[in-house]
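Participant: Quick one: this structure, given as structure tokens, is what I'll be asking you about.
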Amino acid sequence: MHNENAVKNCREFIHFMGSDNATMFGSIINEIYKISGSNGLKMIERAMEEKGRLDAKAMKDSGFKVESFKDFGKYYGMSLRGQTNSIISPIKMEIVSPDEVVLEHSSCAKFKAWQDLGLSPDLIKEACRLYFKATEALFFEFFPDAKMTKETMIPDGDAVCRIRFKR
């Protein structure tokens, strides 16, 4: 059994780290946009895609197996029992079929950090899109024949982020 206090402290620390990471990423996005405009954002997009590919390579090289969408969903933020283990607080992983999984997130530490940083709504959407590029690249390294659809997104004003993984 886990000590409830230790679990709570650990979860708070993970949220802090995620928020701190998001604040740094948002600050970088803001400064690069001020200096280089959309060309700078294109450079970050390429870097985030490369990050996703490198993360996938490191996972594969270490022997980590992602053999199904369910595996990817667990990695991305849900445990088998539906327990949240991610800083983005998914509330649901719906397994539609072996070839279709839907993740729903009710809150996002990154979104909150970018709001607190004072980024404009448009720059928050762009920061989210750019940050997500690493996840997309990682996903497509494991499932090149699949599709990932962001059906709803918190930065767009939706109540939840709803992301569908499907072949």
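None of the figures in this text is laboratory data; all of them are computed from the coordinates on show. Just so you know, these numbers come straight off a predicted model, no measurement behind them. Cβ: placed from backbone, ideal geometry, glycine included. Neighbour counts: every protein chain shown.
Participant: Give me Val96, Val102 ranked fewest to most by other Cβ atoms within 10 Å of their Cβ, as a rough exposure proxy. Write down the numbers at each step before the final one.
Facilitator: Numbers: Val96 12, Val102 18.
Ordered by Cβ neighbours within 10 Å, fewest first: Val96, Val102.
Participant: Using the structure shown, list the pairs from Lys51/Lys112; Lys110/Lys147; Lys42/Lys133; Lys70/Lys166; Lys57/Lys133 with a Cα-Cα distance above 19 Å, or answer none.
Facilitator: Checking Cα-Cα distances, Lys51/Lys112; Lys110/Lys147 exceed 19 Å.
Participant: Between Glu151 and Lys112, what is the label-point separation in nm under the 7 Å Cα-to-beta-carbon projection?
Facilitator: Inter-label distance under the simple model: 2.5 nm.
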